[in-house]
Amino acid sequence: MIALLTLIGPALVLGFLLGAVVGRLAGWPRTRASVAGTFVLMLAAALAGGLSVAGLVPGRPGLWVEVGALILAAYLAGAGLGAVSVGRQASA
């Protein structure tokens with residue numbers, strides 16, 4: 001497990017940092033299309049997470065689904081944090 005985290009850890013950190021940069025630059029979604037895109041990304045992360053928890057995809061493809069779910073969740077968390085920092089500065 002530690003070897004797996006050693007391999008996936010940098011990707012998680014980079015996904016979070018990329019999300020934070022994109023969230024900081026873009027801010028909160030304003031148009032209907034961007035809100036729909038955000039919803040689709042959150043739904044994809046939930047679906048991939050559900051597939052990994054249920055264990056429906058075995059073997060190497062299952063590992064890919066799990067890693068994709070983790071990296072997408074890290075990206076979305078970073079994007080949310082970056083967008084919150086923009087909202088706080090705009091209101092100050």
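Looking at (1) at pLDDT 90 or above; (2) touching a Lys or Arg at 6+ places or on another chain (Cβ under 7 Å); (3) small (Gly, Ala, Ser), which is the one condition that is false for Ser85?
(1)
Please determine, by comparing only the residues of the range 28-65 that are farther than 29 Å from Val84 by Cβ and of a type in the set (A, V, I, L, M, F, W, C), which one is most open to solvent (accessible area, probe 1.4 Å).
Step by step, filter the range 28-65, then rank; the result is Trp64.
Restricting the search to the range 1-27, which residues are open to solvent by 50 Å² or more (accessible area, probe 1.4 Å), closer than 17 Å to Val84 by Cα and modelled with pLDDT of 90 or more?
The answer is Phe16, Leu17, Leu18, Val21, Val22, Arg24, Leu25.
For the range 6-25, does any single residue satisfy the condition of being free of Cβ contacts under 8 Å to residues at least 24 places away in the same chain and basic (Lys, Arg)?
no
The values are calculated or read from the model by the stated rules, or taken from the named source; none is laboratory data. Note that the coordinates shown come from a computational prediction; the quantities given were computed from them, not determined experimentally. Note: ideal-geometry Cβ built from the backbone for every residue, glycine included; neighbour counts use all protein chains shown. Heads up: the accessible areas ignore ligands, DNA and RNA and are worked out on the full protein's heavy atoms, side chains in. Shrake-Rupley method; radii C 1.70, N 1.55, O 1.52, S 1.80 Å.
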